[in-house]
Amino acid sequence: FPSHDKLEKWDIGCVITLAGLFPGLNGKGGLLRTHWAQRAKQRDSYAARIKALNCPKFENQVRITLTGHYSILRDFDNHVSSAKGIFDGLVSNGILVDDSPKYVTELIAKQVKCRRKDQCMQIKIEQI
């Protein structure tokens, strides 16, 4: 796994940082053009990376702030869709009960411009 995946914890939440660029909807390698088996491999890879961080589990409602650090900023639909596999990994590892509105009551999407080598996705989870 990328060596700069990391986890920061505090009383009511955590921030998961996953290094690298995650595919959006469009373009070569985009989620709309990727075969379902390849998407499943990506999802499993994200789940394994998240599992390796030993994240705390959240059994109640949460607020998630999704911050993409990109060298080229994306349309927001591409930014949010790039986290689909990450959310699936959070659920499959039992970190979130489900990613439905019953448990994820608020999703905040942000983007930060950065150098290409610093691209990553940060997922801040706060218990409400």
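The values are calculated or read from the model by the stated rules, or taken from the named source; none is laboratory data. Being a predicted model, the structure only gives us computed values, none of them experimental. Because the Cβ atoms are built from the backbone with ideal geometry, glycine has one as well, and the counts that use them run over all protein chains shown. Accessible surface areas use protein heavy atoms only, side chains included; no ligands, DNA or RNA. Shrake-Rupley method; radii C 1.70, N 1.55, O 1.52, S 1.80 Å.
Remarks
- Distances between every pair of Cα atoms in segment 69-116, grouped in 10 Å steps from 0 to the bin holding the largest one, split as 23, 46, 26, 5 percent.
- Charge dipole of segment 68-117 about the Cα centre (unit charges at C-beta), most positive-ward option of ILE95, LEU73, ILE108: LEU73
- A protection proxy built from the mean count of other Cβ atoms within 10 Å ranks the segments 78-86, 42-50, 105-113, most packed first, as 78-86, 42-50, 105-113.
- Solvent-accessible area, 1.4 Å probe, carbon plus sulfur percent, for segment 55-128: 51
- A straight chain from ASP98 to ALA37 at 0.36 nm per residue would run longer than the Cα-Cα distance by 19.7 nm.
- The modelled label-to-label distance for the pair LYS51/TRP10, using points 7 Å beyond Cα in the direction of Cβ, is 3.0 nm.
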